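Enquirer: Before we start, here is the structure in question, set down as structure tokens.
The values are calculated or read from the model by the stated rules, or taken from the named source; none is laboratory data. On a predicted model such as this, the values are computed, not experimentally measured, just so you know. Note that we place each Cβ from the backbone using ideal geometry, even for glycine, and neighbour counts take in every protein chain shown. Protein only, heavy atoms only, side chains kept; ligands, DNA and RNA dropped before computing areas. Shrake-Rupley method; radii C 1.70, N 1.55, O 1.52, S 1.80 Å.
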Amino acid sequence: MFRGILVAGFLVLASGVAFSEPPGDPKSVASEDGKYADANGDPTYNVGPDGTVDWYTFSGYRRYHSDCHVCHGPDGLGSSYAPALTESVKRISYVDFIGVVANGRKEVNAAKQNVMPAFGTNKNVMCYLDDIYIYLRARSTDAIGRGRPAKKAAKPASFIEAEKACMG
Ligand code: HEC
């Protein structure tokens, strides 16, 4: 059901130069062991009626704030140095998102010298990239507010397995 972007050795298909189609509606239409997908099969969030977020959204909140926040600002809101990723995920597809993070990107001209580092060999990022993407999607629609989500679902067994396989 989920698109296989991250496979062993982090083979990343998108080069991230020319952006392809925009992302679909982030509404979740399917789930498998606590991980949700939109109509395109791309990973997305789920927030229960009492505000409980799915595990991936919570995990993404933590990973975002340990690896991305320094440049992209708290809660995905952007900074003077790097764009607001809550806006980026409305515009660029899941595949392109993965491609930029894995390969990095530079905008260097007379006015700007902004560099997005390549994280393709950083397991602390690559093993949790779906989580970060899911968290940012939840922020992009205001399904969750700023700060740490107060209530979260239990960690799914498939998350534990995938984490073990990825982190080695
Ligand atoms: C050292 C600073 C820095 C860090 C750390 C960083 N980024 Fe970036 N990122 C940037 C800059 C600067 C850009 C804009 C580059 C450009 O304009 O080409 C960018 C661009 C991006 C883009 C493309 C946005 C768009 O709208 O096209 C994505 C996606 C992205 N970063 C994701 C991440 C994620 C996820 C993390 C954490 C794992 C992260 N970045 C960590 C500096 C950083």
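Enquirer: Mind listing whichever residues of region 32-61 are open to solvent by less than 20 Å² (accessible area, probe 1.4 Å), of a type in the set (Ser, Thr, Tyr) and under 14 Å from PRO156 (Cβ atoms)?
Expert: Of everything in region 32-61, those that are open to solvent by less than 20 Å² (accessible area, probe 1.4 Å), of a type in the set (Ser, Thr, Tyr) and under 14 Å from PRO156 (Cβ atoms) turn out to be TYR56, THR57, SER59.
Enquirer: Inside region 103-112, can you point out the residues that are free of Cβ contacts under 8 Å to residues at least 60 places away in the same chain and more than 9 Å from the ligand (Cβ to nearest atom)?
Expert: ASN109, ALA110, ALA111
Enquirer: I'd like the full set of residues that are open to solvent by less than 20 Å² (accessible area, probe 1.4 Å) and basic (Lys, Arg), limited to region 116-168.
Expert: Of everything in region 116-168, those that are open to solvent by less than 20 Å² (accessible area, probe 1.4 Å) and basic (Lys, Arg) turn out to be ARG137, ARG139.
Enquirer: Next question, about the same structure. Going through region 62-86 one residue at a time, which ones are more than 7 Å from the ligand (Cβ to nearest atom), in contact (Cβ under 8 Å) with a residue 40 or more places away in the chain and open to solvent by less than 20 Å² (accessible area, probe 1.4 Å)?
Expert: Across region 62-86, the qualifying residues are ASP75, GLY76, THR86.
Enquirer: Okay, next question. Could you list, in sequence order, the residues of region 38-92 that are in a helix (DSSP H, G or I), small (Gly, Ala, Ser) and closer than 14 Å to ARG137 by Cα?
Expert: Those that are in a helix (DSSP H, G or I), small (Gly, Ala, Ser) and closer than 14 Å to ARG137 by Cα: SER59, GLY60, GLY76, SER88.
Enquirer: With VAL125, VAL115, VAL100, VAL89 as the choices, which residue is without any contact (Cβ under 8 Å) to a residue 24 or more places away in the chain and either within 14 Å of the ligand (Cβ to nearest atom) or of a type in the set (Ser, Thr, Tyr) (or both)?
Expert: VAL115
Enquirer: Here's something else I'd like to know. Scan region 131-153 and report the pairs whose first residue is acidic (Asp, Glu) and whose second residue is at pLDDT 95 or above and surrounded by fewer than 16 Cβ atoms within 10 Å (Cβ to Cβ), with Cβ atoms within less than 9 Å and a gap of 6+ or a chain change.
Expert: Qualifying pairs under 9 Å: ASP131/ARG62.
A quick yes/no check of all residues on (1) within 14 Å of the chain's Cα centre (by Cα); (2) within 19 Å of MET126 (Cα to Cα); (3) of a type in the set (Gly, Ala, Ser):
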| residue | (1), (2), (3) |
| --- | --- |
| LYS27 | no, no, no |
| ALA30 | no, no, yes |
| ASP33 | no, no, no |
| VAL53 | no, no, no |
| THR57 | yes, yes, no |
| GLY60 | yes, yes, yes |
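Enquirer: While we're here: Quickly run through region 102-115 and pick out the residues that are part of a helix (DSSP H, G or I) and open to solvent by less than 20 Å² (accessible area, probe 1.4 Å).
Expert: Hit for region 102-115 is ALA102, nothing else.
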